[in-house]
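No value in this document is a laboratory result; all are computed from the given coordinates. Predicted model, so just to flag it, every value in this text is computed and none were measured. Cβ placement follows ideal geometry from the backbone for every residue including glycine, while neighbour counts extend to all protein chains displayed.
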Amino acid sequence: MWFTDRLVGAAVAFTDATEGNLAAHTGEDPADVAAHRRALEVELGLADGSLRYMHQVHGTDVVTVASDGCASRATAREDPVADAAISEDGTPLAVLTADCLPVVFVAERPGADIALLAVAHAGRRGLLDGVLQNTVGALRERGAATLTAWIGPAICGGCYEVPEDMRAESGRVLPGVDTETSWHSPGLDLPGAARRLLEELRVRVADTGSTRSDWCTLENTELYSYRRDKTTSRHAGVVWVPSAFEPAGKETP
Ligand SMILES: [Zn+2]
């Protein structure tokens, strides 16, 4: 497990290669993926089949995911086509990445027992098109008061080389995302741009290592990188309500 954190009533994790590939439909044996997903649920103390994934398409749609009450590996269930998901009932959520930016959110709602949870998949396209703004907006529409975001491991600005015209176009849409790689070619800094964007939206960005080079998927072989390996493997950003959590007012002193 790459990283874990807790906030009142919610927990956050980012997996690495230790948990194995968690992406279905990328070519790996479905039985292996199912085994990895089940092992992750066990590691996090989650019920069998309860962790919900998305069918990610580099878009900006936000879906609300709820427990279907029959979570089971035997149940055929389509993942929603979306790049961000919100759970209002504590349903655990996962976002899959290998270079793109995973962002996990926890929002406190006054008067509610369970925190709002959300995940977003912010690659270059999604970040520029507003997937993070859409996610934050949808959380606020659902009553989010204080909002915290965790930026997970992704390719860093020093490694993410792009053509000059792509850098220029990206910088026009999202000033500051344009940068230079460590070998002085045109680059994009997705983690840095996401942090600034979230802070401008008055979201508290939790302290992760996302600004450090060991959090760079391309540089650290404990993490999956599509650019480095053309891999079909993806790790996950996960947010859930720990089972030990008792709603406010019911905590044992
Ligand atoms: Zn890097």
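So which strands (runs of 3 or more DSSP E) are wholly in the stretch 123-241 and hold at least 2 residues that are within 25 Å of G20 (Cβ to Cβ), touching a residue at least 12 places away in the same chain (Cβ under 8 Å) and touching an Asp or Glu at 6+ places or on another chain (Cβ under 8 Å)? If you could, list the steps in order and put the result at the bottom.
Details: elements: 146-151, 178-180, 186-188, 235-240.
In the stretch 123-241, 235-240 are the strands (runs of 3 or more DSSP E) which contain 2 or more residues that are within 25 Å of G20 (Cβ to Cβ), touching a residue at least 12 places away in the same chain (Cβ under 8 Å) and touching an Asp or Glu at 6+ places or on another chain (Cβ under 8 Å).
Looking only at the stretch 145-154, residues that are more than 16 Å from the ligand (Cβ to nearest atom) and either out of contact with any Phe, Trp or Tyr (no Cβ under 6 Å at 6 or more places or on another chain) or of a type in the set (S, T, Y) (or both) come to 5 in all. Looking only at residues of the stretch 131-154 that are out of contact with any Lys or Arg (no Cβ under 9 Å at 6 or more places or on another chain) and within 30 Å of W183 (Cβ to Cβ), we find that the one that is surrounded by the fewest Cβ atoms within 10 Å (Cβ to Cβ) is W150.
Return yes or no: is R124 closer than 17 Å to R227 by Cβ, within 16 Å of the ligand (Cβ to nearest atom) and basic (K, R)? Considered against the rule, which asks whether it is closer than 17 Å to R227 by Cβ, within 16 Å of the ligand (Cβ to nearest atom) and basic (K, R), R124 comes out as yes. Of all residues in the stretch 4-49, those satisfying the criterion of being touching a Lys or Arg at 6+ places or on another chain (Cβ under 7 Å) and within 27 Å of A112 (Cα to Cα) are D48, G49. Is it true that some residue in the stretch 210-224 is surrounded by fewer than 17 Cβ atoms within 10 Å (Cβ to Cβ) and of a type in the set (F, W, Y)? No, that holds for no residue. When T135 is tested against the conditions (1) away from the ligand (no atom under 16 Å from the Cβ); (2) more than 20 Å from T97 (Cβ to Cβ); (3) of a type in the set (S, T, N, Q), the lone failure is (2).
So, L128, is that one surrounded by fewer than 22 Cβ atoms within 10 Å (Cβ to Cβ) and not small (G, A, S) or not? The answer is yes for L128.
Scanning the stretch 155-178 for residues that are more than 16 Å from the ligand (Cβ to nearest atom), within 24 Å of K230 (Cα to Cα) and surrounded by fewer than 18 Cβ atoms within 10 Å (Cβ to Cβ) returns P163, E164, D165, M166.
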